[in-house]
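The structure appears below as structure tokens.
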Amino acid sequence: MKKISLINTGLLVLVAAMAGASVHEPPHPAKLSRGDIAGEVFDRAEMIEHTTNGNTTLDVTSFLSSDKKFGSGMYKSAAVRFEITEPYGVDEFMYFLEGSVTLTSSDGLVQVINAGEAVTIPKEWTGVWDTQGYTKIWVIYSEDGSGLE
């Protein structure tokens, strides 16, 4: 019986491949190695580079859940300051590897997050984000999947 099941499974994979369909891979843990954390992650083919107003950011998604509501990765930013007047939109945990960020909430609370520290920003947050540059590991939950594309 097992031989027949394996043969049938193999035939299904072969037929799917011949038809151009993708074969579902089993899920695997997404690892960031020491080398990745040291910056090698930004050499990956899936790294996305954005330049806005002369400021360049590098972003790599290392994991995206099947429902596209939860993800993690690394991000690197040059100096930038911007005001977030609409709610942040996602719940995001950040662990800073290099640099720092000053977060000034709309009610005036000021928090400085330095390398070796972490912060979680709720999706409802508004305020000012100010940095001279940083590298972070990020983890995002987005109820509707926005912000993880």
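Numbers at a glance
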item: Distance between modelled label sites at I84 and T102, nm, 7 Å Cα→Cβ extension; result: 1.7 nm
item: Entries of K68/K123; K69/K136; K68/K136; K76/K123 with Cα pairs more than 18 Å apart; result: K69/K136; K68/K136; K76/K123
item: Dipole magnitude of the range 28-141 about its Cα centre (Cβ charges: Lys, Arg +1; Asp, Glu -1), debye to nearest 20; result: 240 debye
item: In Hz, Karplus ³J(HN,Hα) per residue of the range 112-129 (6.51, -1.76, 1.60; θ = phi - 60°; x = Gly, Pro); result: 10, 10, 9, 3, x, 10, 10, 8, 10, 9, x, 4, 8, 5, 9, x, 10, 10
item: Residue order, fewest to most beta carbons within 10 Å, for S100, S66, S77, S146; result: S66, S146, S100, S77
item: Neighbourhood net charge (13 Å Cβ-Cβ; Lys/Arg +1, Asp/Glu -1) for L58; result: -4
item: Gained length - F70 relative to T57, 0.36 nm times residue gap less alpha-carbon distance; result: 2.6 nm
item: Formal net charge of residues neighbouring R44 (Cβ-Cβ distance under 14 Å; K, R +1; D, E -1); result: -4
item: Mean-position separation - Cα centroids, the range 98-121 and the range 51-65, in angstrom; result: 19 Å
item: ³J(HN,Hα) computed for each position of the range 84-89 - Karplus, 6.51 cos²θ - 1.76 cosθ + 1.60, integer Hz, glycine/proline x; result: 9, 8, 9, x, 3, x
item: Prolate/oblate/rounded label for the range 24-66 (Cα gyration tensor, a/c 1.5); result: oblate
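Computed from the coordinates by the stated procedures, all read-outs in this text should not be read as laboratory data. Predicted model only: the values in this text are computed from it and were never measured. Here Cβ is always computed from backbone atoms with ideal geometry, including for glycine, and neighbour counts include all displayed protein chains.
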